Amino acid sequence: MPLALLALAVGAFGIGTTEFVIMGLLPEVAGTYGVSIPTAGFLVTGYALGVVLGAPLMTVLGTRIPRKRMLMLLMGLFIAGNVLSALAPAFGVMLAGRVVASLAHGAFFGIGAVVAAGLVAPEKKAGAIAMMFTGLTVANVVGVPLGTFVGQTLGWRVTFLIVAALGVVGLLGIARLVPELPRPEGGVRIRRELAAFRNVQVLLAMAMTVLGFGGVFAAITYITPMMTGVAGFADSSVTWLLVLFGLGMVGGNLVGGRYADRALMPMLYVALGALAVTLAVFTFTAHTKAGAAVTLVLIGALGFATVPPLQKRVLDQAAGAPTLASAVNIGAFNLGNALAAWLGGLVIAAGLGLTAPNWVGAALAGSALVLALVSGALERRTTRRVARGSLPTAATAATSGTSGTREAAGAVPAHH
């Protein structure tokens with residue numbers, strides 16, 4: 001794998017750390033500013049919404065900027081947001097810093113996925129995307145627990161300064177290791193990029209992202225009360241349970257990347273189906289410590305096994321104009337997080353118990369599996385029509401799926 005992927009992974013590590021570490025530091029931040037925990041929770045919500053809005057916004061603003069330079073600018077924005085958060089004299093300024101940092105998130109992963117895919121041979125694209133996302137998953141195993149520990153012992157402001165320093169390392173790595181990529185002719189054309197959203201397969205892939213990843217976060221958002229109130233873990237054990245979840249994420253991400261390059265749709269069928277079953281079973285295994293711990297690892301693994309194939313699916317289907325679609329799909333992950341957290345809160349508030357969000361997660365993952373089966377059926381039908389000669393060859397690039405991955409994916413580097 002090219003060293004440039006390491007630079008992208010370092011940037012992803014910093015972004016993943018700042019996204020999730022705030023959850024472990026909410027009491028400290030709330031205490032500093034004299035606000036309630038629910039009010040401090042806006043630092044989580046504001047970040048998620050910033051990702052959803054920032055992904056397309058920053059991508060569109062950067063349409064005429066070469067991708068390497070845009071990645072460097074995004075890391076600069078990320079650094080500025082974290083420094084602002086670390087030094088914020090008031091809660092409103094802290095919230096503004098979180099939003100500034102979040103604006104870089106979606107576009108960085110979206111553009112980074114396109115760059116990563118363009119650095120390797122067509123048959124290794126999903127593996128390259130997975131390598132970049134490894135930075136995000138490792139952040140949950142290493143960055144978040146360490147950041148939480150530092151924040152609780154040395155002060156949360158120190159944590160955000162360290163995250164900003166990670167951003168500097170990522171920025172220097174991109175400057176040094178990522179090759180200069182030729183700008184698409186005339187820049188990234190907005191009209192052509194928007195045309196990708198008329199492709200039903202692109203929309204199906206994004207819907208799978210929202211529902212599939214939403215399934216994971218329906219359960220994980222409420223993991224602390226579930227593990228302490230149902231499984232019987234001590235509060236101090238939650239950090240290590242999240243490390244187990246993170247280890248599952250790392251493994252699932254790498255496996256998903258490897259097998260998505262061989263059989264993308266079958267990988268999605270297996271991962272989404274197994275995720276739906278595991279989330280449903282979690283309702284029962286959450287009542288024992290050992291069962292809860294094992295299930296958490298599986299949820300992390302199965303959830304992140306869908307990330308490289310879904311991101312590659314979007315790149316393949318929007319092959320002629322992948323940048324905006326790739327970034328919007330990153331926003332779709334966060335939209336799934338927000339939707340699932342809301343639905344999970346509704347069932348708990350309705351008095352259905354602390355394990356009820358697991359059923360919500362199972363239903364969301366099951367719905368994503370249904371969409372995957374529909375997408376695969378449409379793809380096979382299109383392939384048969386092309387084989388019979390009833391569709392013009394030019395249409396193939398817009399509608400063919402991963403059975404034509406080499407042709408579709410091969411179009412990506414041409415626009416770097």
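The values are calculated or read from the model by the stated rules, or taken from the named source; none is laboratory data. None of these values were measured; they are calculated from a predicted model. Every residue, glycine among them, receives a Cβ derived from its backbone with ideal geometry; neighbour counts consider all protein chains shown.
So here's what we get for this one:
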{"quantity": "Only listed residue being closer than 30 Å to residue 70 by Cα, touching a residue at least 12 places away in the same chain (Cβ under 8 Å) and not aliphatic (A, V, I, L, M), chosen from 289, 312", "calculated": "312"}
{"quantity": "Options 348, 299; residue that is at pLDDT 95 or above, assigned by TED's automatic domain parsing to the domain that holds residue 260, touching a helix residue (DSSP H, G or I) at 6+ places or on another chain (Cβ under 9 Å) and not hydroxyl-bearing (Ser, Thr, Tyr)", "calculated": "299"}
{"quantity": "Hits in segment 209-236 - residues which are among the hydroxyl-bearing types (Ser, Thr, Tyr), within 17 Å of residue 363 (Cβ to Cβ) and either at pLDDT below 85 or surrounded by fewer than 22 Cβ atoms within 10 Å (Cβ to Cβ) (or both)", "calculated": "221, 222"}
{"quantity": "Failed item, numbered, when residue 261 is tested on (1) at pLDDT 95 or above; (2) more than 18 Å from the chain's Cα centre (by Cα); (3) crowded, with 23+ Cβ neighbours inside 10 Å", "calculated": "(1)"}
{"quantity": "Test: residue in segment 155-177 that is modelled with pLDDT of 85 or more and over 21 Å from residue 77 (Cα atoms)", "calculated": "yes"}
{"quantity": "When residues of segment 54-68 are limited to those that are over 20 Å from the mean Cα position of the chain (by Cα) and buried (at least 16 other Cβ atoms within 10 Å of the Cβ), the one modelled with the highest pLDDT", "calculated": "68"}
{"quantity": "Top-ranked residue in segment 372-383 [being among the hydrophobic types (A, V, I, L, M, F, W, C) and surrounded by fewer than 21 Cβ atoms within 10 Å (Cβ to Cβ); ranked as farthest from residue 266 (Cα to Cα)]", "calculated": "378"}
{"quantity": "Some residue of segment 382-393 being in the same structural domain as residue 221 (by TED's automatic domain parsing), at pLDDT below 50 and either in a helix (DSSP H, G or I) or of a type in the set (A, V, I, L, M) (or both)", "calculated": "yes"}
{"quantity": "Boolean, residue 37 is surrounded by fewer than 21 Cβ atoms within 10 Å (Cβ to Cβ) and closer than 19 Å to residue 221 by Cα", "calculated": "yes"}
{"quantity": "Verdict on residue 80 being more than 27 Å from residue 194 (Cβ to Cβ) and touching a Leu at 6+ places or on another chain (Cβ under 8 Å)", "calculated": "no"}
{"quantity": "Checklist (1) under 21 Å from the mean Cα position of the chain (by Cα); (2) crowded, with 19+ Cβ neighbours inside 10 Å applied to residue 359, failing item", "calculated": "(1)"}
{"quantity": "Filter pass, residue 153 being closer than 19 Å to residue 101 by Cβ and of a type in the set (Ser, Thr, Tyr)", "calculated": "no"}
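Per-residue answers, yes or no, for (1) touching a residue at least 40 places away in the same chain (Cβ under 8 Å); (2) assigned to a loop (DSSP other than H, G, I, E, B); (3) in the same structural domain as residue 131 (by TED's automatic domain parsing):
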| residue | (1), (2), (3) |
| --- | --- |
| 163 | yes, no, yes |
| 171 | yes, no, yes |
| 197 | yes, no, no |
| 202 | yes, no, no |
| 215 | yes, no, no |
| 241 | yes, no, no |
| 250 | yes, no, no |
| 253 | yes, no, no |
| 262 | no, yes, no |
